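Readers should treat all values here as calculations from the given coordinates under stated rules, not as data from a laboratory. Predicted, not measured: the structure shown is a model, and the values here were computed from it. Virtual Cβ from ideal backbone geometry, glycine too; neighbours counted across all protein chains shown.
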Amino acid sequence: MYGVILLLVLAMVVAACSSSDDDGKSADAGSKKGDGGKNQVEIFSWWTGAGEEDGLLALIDKFQEENPDLKVKNAAVAGGAGTNAKAVLATRMQGNDPPSTFQVHGGEELNKSWVAADKMEPLDDLYKENDWMDKFPKDLIDLVSNDGKIYSVPVDIHRGNVIFYNKKVFEENGIDVPKTFDEFVTAADKLKKAGVTPLAMGDKESWTATMIFENVLLAELGPDDYIKLFKGDIAFDDKRVVESAKKFGKLLDYINDDHASRNWQDSAQLVANGDAAMLNMGDWAKGYFVNDLKLKTNKDFGYFAFPGTEGNFSIITDTFGLPKGIDNPDEVKKFLTFLGSTEAQDIFNPLKGSIPARVDADESKYDEYGKDTMADFKEASLVPSLAHGSAASEGFLTKANQAVNIFVTQKDVDTLIQSLKNAAPEM
Ligand code: GAL
């Protein structure tokens, strides 16, 4: 509930901001009744612009082709990780003007914001009709379930604990892939001396810094205690959390000076053009490198698990559900059925950089990164991402992002720990 209230406050801040995408086309979200009549399916997401929209547009094309009688409205609101979209969505949901379906992360973002507020229809029947119960991993179905009911359909699985690196920069500077924090620091010092920015960061939207911090937490705590931390079973002043804050501060010694004016794509460009060596980003960055910047996997850029997190998989899953109170649930179920098909998942994910949420997708459609990630996903310990809504409520995440944002400039460990402690009751 706190999450919803906070989102509403945020919504007021961005209310003036119209929902136009990167190309300046008005996405029109919020100005009309979401479902827009029987024959229209309105898809609400934050996938606009480079690195984000290719997969969505390909999905929409295919769905249109198969359902010529339905009109799809792409109501995307720009801003990585839903920075603006989540607030616009909150306004619409509170005003009983839900989109036909909307992007929502599996885990607490779905459950604590929308299921708890009784805004979502259960989809158990849809799963049964489509014989999906064994087509999605059980852990994933659990992430989109609450009190034994399933509330959304996952379209992808992104990984958050990856570092992408420029291969040429590593080679030229004699850098080996660092496996531990200390190895990372040694490599970063060497790069810095050579005049290369070791770690690219673009925290114009602060979630990108939160991602780095959550990965340090995962490395320090290990998967079980990382999960316990966000369940409230380990306190934020635990000495390993304090140590994580210190290490996070150390990593910030290696970022680009203009980090605050860059978004995630801008920071990825630093690695693409060799100005920076490494980037910790979800693997939507892989989609951006390959599809937008035309780089080659394992030739121009490589990837490795965030130091200390090998064998773990920070999971970010984009899902879509059925809001209560829309006029056209049957049409929306058609779209959700499509979204859950192997056909749709194998169109979307190779473009998005993610792996399919389904277990029976066609591996041959994915590059080496995709294949490696699918293999890792099967073996790894899965942990929910904080920065992408799965680990904790929106209320907590908003405060954590603010605290991290302040930390990036002040590097005050005590203040960060105290802010997280204060926000913990909202998790
Ligand atoms: C995440 C989302 C990804 C990607 C990313 C950057 O929250 O799950 O699909 O869009 O934000 O915007």
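Quick look at the values:
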quantity: Condition check for LEU252: surrounded by fewer than 24 Cβ atoms within 10 Å (Cβ to Cβ), of a type in the set (A, V, I, L, M), assigned to a helix (DSSP H, G or I) and more than 15 Å from the ligand (Cβ to nearest atom); calculated: yes
quantity: Selection from the range 188-212 of residues that are in a helix (DSSP H, G or I), away from the ligand (no atom under 16 Å from the Cβ) and out of contact with any Gly (no Cβ under 9 Å at 6 or more places or on another chain); calculated: ALA188, ASP189, LEU191, LYS192, LYS193
quantity: Filtered residues of the range 221-235 (kept if part of a helix (DSSP H, G or I) and farther than 13 Å from ILE417 by Cβ); calculated: LEU221, GLY222, PRO223, ASP224, ASP225, TYR226, ILE227, LYS228, PHE230, LYS231
quantity: Scope the range 220-252; condition in contact with a helix residue (DSSP H, G or I) (Cβ under 8 Å, 6 or more places away or on another chain), without any contact (Cβ under 8 Å) to a residue 40 or more places away in the chain and more than 16 Å from ALA392 (Cα to Cα); matching residues; calculated: LEU221, ASP238, ARG240, GLU243, SER244
quantity: Cβ pairs under 6 Å, 6+ apart, first in the range 47-64 and in contact (Cβ under 8 Å) with a residue 24 or more places away in the chain, second outside any helix (DSSP H, G or I) and within 11 Å of the ligand (Cβ to nearest atom); calculated: TRP47/ALA76; THR48/ALA76; THR48/ALA78; GLU53/TRP47; LEU56/TRP47
quantity: Matching option when the condition is within 16 Å of the ligand (Cβ to nearest atom) and in a loop (DSSP other than H, G, I, E, B), among ALA78, ALA58; calculated: ALA78
quantity: Odd one out for ASP118 among (1) part of a loop (DSSP other than H, G, I, E, B); (2) over 23 Å from the mean Cα position of the chain (by Cα); (3) in contact (Cβ under 8 Å) with a residue 60 or more places away in the chain; (4) under 22 Å from GLN345 (Cβ atoms); calculated: (4)
quantity: Some residue of the range 141-150 being surrounded by 20 or more Cβ atoms within 10 Å (Cβ to Cβ), touching a Gly at 6+ places or on another chain (Cβ under 6 Å) and closer than 23 Å to PHE313 by Cα; calculated: yes
quantity: Looking only at the range 129-163, and only at residues there that are within 16 Å of the ligand (Cβ to nearest atom) and out of contact with any Asp or Glu (no Cβ under 8 Å at 6 or more places or on another chain), the one that is nearest to ALA305 (Cα to Cα); calculated: ASN161
quantity: The range 69-111 - residue that is β-branched (Val, Ile, Thr) and buried (at least 20 other Cβ atoms within 10 Å of the Cβ) and, of those, nearest to VAL155 (Cα to Cα); calculated: VAL104
quantity: Selection count, the range 131-144, where residues are in contact (Cβ under 8 Å) with a residue 24 or more places away in the chain and either under 13 Å from LEU110 (Cβ atoms) or of a type in the set (A, V, I, L, M, F, W, C) (or both); calculated: 5
quantity: Single residue of the range 81-100 satisfying the filter (within 14 Å of the ligand (Cβ to nearest atom) and not in a helix (DSSP H, G or I)) that is nearest to ALA387 (Cα to Cα); calculated: THR83
quantity: Residues (under 28 Å from ILE355 (Cα atoms), among the acidic types (Asp, Glu) and surrounded by fewer than 24 Cβ atoms within 10 Å (Cβ to Cβ)) located in the range 304-329; calculated: GLU310
quantity: Test: residue in the range 216-232 that is hydrophobic (A, V, I, L, M, F, W, C), under 16 Å from GLY389 (Cβ atoms), within 15 Å of the ligand (Cβ to nearest atom) and out of contact with any Cys (no Cβ under 6 Å at 6 or more places or on another chain); calculated: no
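Listed here are the residues, each with its yes/no results for (1) within 16 Å of the ligand (Cβ to nearest atom); (2) at negative phi; (3) among the acidic types (Asp, Glu); (4) touching a helix residue (DSSP H, G or I) at 6+ places or on another chain (Cβ under 6 Å).
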| position | (1), (2), (3), (4) |
| --- | --- |
| LYS324 | no, yes, no, no |
| PHE338 | no, yes, no, yes |
| ILE347 | yes, yes, no, yes |
| LYS365 | no, yes, no, yes |
| LEU397 | yes, yes, no, no |
